[in-house]
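Report on the following structure.
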Amino acid sequence: MSAATAPVRLILMDIDGTLVGRNGIHPSTWQAFDEARARGVRLGLCTGRIGRGRALELAREVAPHDFHVFQSGAVVTRPDEPAAHCSTVPDEALHALVAISRRTRTPLEAYSEDRFLLEWHSELTRVHEAHIEITSELVDLLAVEVPVVRAQWVVHESEWPRYRAWTEALGGLDINPATAPWSPGTIFANLTRAGTNKASGLRWLATHLGLSTDEVMMIGDAENDLAALDAAGVAVVVDSAPDLVKAHADRIVASPDDGGIAQAIRGALTSRA
């Protein structure tokens, strides 16, 4: 978040709880996207999700020829293209996470650039798999031959403090928890190489496009959006977000179910007039 006055030339947005609410995507959003594109403003997703399944569909619908930040900043790519930027989880940290998973019998989700991997399912990971519309591969996570760019705990809120403490003790990782309106009471904790998060993805993309971060608007709703909100020239938070996240906002807009994305985009376009 900053006091930037530069015109917004790139708008990035989280998916769950920001673009997509309990009732899906508000109808006003699509017209606002068209208005932004007509004014030369780039659009992109900035999400913890892998760039497959429903997230890939959304990337194609939002901006089929532009870049999107996936996997909490670990992957930046255009839809259906190889990664233009990629960061991997350190092997030592991955081995330690797998050891925690096996000891506690809590499955650890692991992601390569384009694969969803885990050793077994829980009820929560099955719900997650169905929602993101990607079939996971059940494998030995210590035997996979592709680089892991992100790991993720999917646990009940009551369990999250224990898993957070265990993960913090490992070092070498960025920990970015999030929630989703379609799975209340669940924490989705994105784990990436230290220094890799939505903010690092935002900065890489801005530099790649020849923009300053002052020319970027970030729209979010959760703790894992905080770094990107702070890095962007304009930080926008939806009204359904926790107070912790709202405290980082330059502007608060309606919830996703009440047209918050369109409100944010039209505000940015007005400021360019």
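The values are calculated or read from the model by the stated rules, or taken from the named source; none is laboratory data. All figures in this text were calculated on a predicted structure; none of them were measured in a lab. Remember, those area values only see protein heavy atoms, side chains included, never the ligands or the DNA or RNA. Shrake-Rupley method; radii C 1.70, N 1.55, O 1.52, S 1.80 Å.
Subtract the Cα-Cα distance of ARG102 and HIS121 from 0.36 nm times their separation in residues, and report this length gain in nm to one decimal. Spell out each step's value before the answer.
Working: separation 19, 0.36 × 19 = 6.84 nm, distance 1.22 nm.
Net length gain for the segment: 5.6 nm.
Mind checking which helices in the chain clear 18 Å along their axis (Cα) and have mean Kyte-Doolittle hydropathy of 0.0 or more, DSSP H runs only? Each step should come with its number before you reach the end.
Numbers: long enough: 91-104 (20 Å, 0.07); 260-272 (19 Å, 0.26).
Answer set is 91-104, 260-272.
Just by accessible area at a 1.4 angstrom probe, what is the order of ASP239, ASP91 from largest to smallest?
The most accessible residue leads, giving ASP91, ASP239.
Please list, short to long, the whole-number percent of alpha-carbon pairs of the range 103-177 in consecutive 5 angstrom bins beginning at zero.
Result returned by the calculation: 3, 14, 26, 25, 22, 9, 1.
Counting only protein heavy atoms, what percent of the accessible surface of the range 68-200 is carbon or sulfur at a 1.4 Å probe?
Carbon-and-sulfur percentage of accessible area, whole number: 48.
Please calculate how many Å² of accessible area the chain carries per residue, with a 1.4 Å probe and no DNA, RNA or ligand atoms counted.
Result: 40 Å² per residue.
Among (i) 56, 40, 37; (ii) 57, 34, 31; (iii) 67, 44, 37, only one was calculated for this model; which label is it, if the read-out is Cα extents along the principal axes in Å?
Label (ii) holds the value from this structure.
Could you pull the accessible area for SER271 with a 1.4 Å probe, rounded to 10 Å²?
Looks like 80 Å² after rounding.
Given the rule -39500 (n - 2.57) for each run of at least 4 DSSP H residues, summed and divided by the residues of the chain, what is its mean residue ellipticity at 222 nm, to the nearest 500 deg cm²/dmol?
Using -39500 (n - 2.57) per qualifying helix, the result is -9500 deg cm²/dmol.
In Å, what is the Rg of the alpha-carbon atoms in the range 160-273, and how long is Dmax?
15.3, 50
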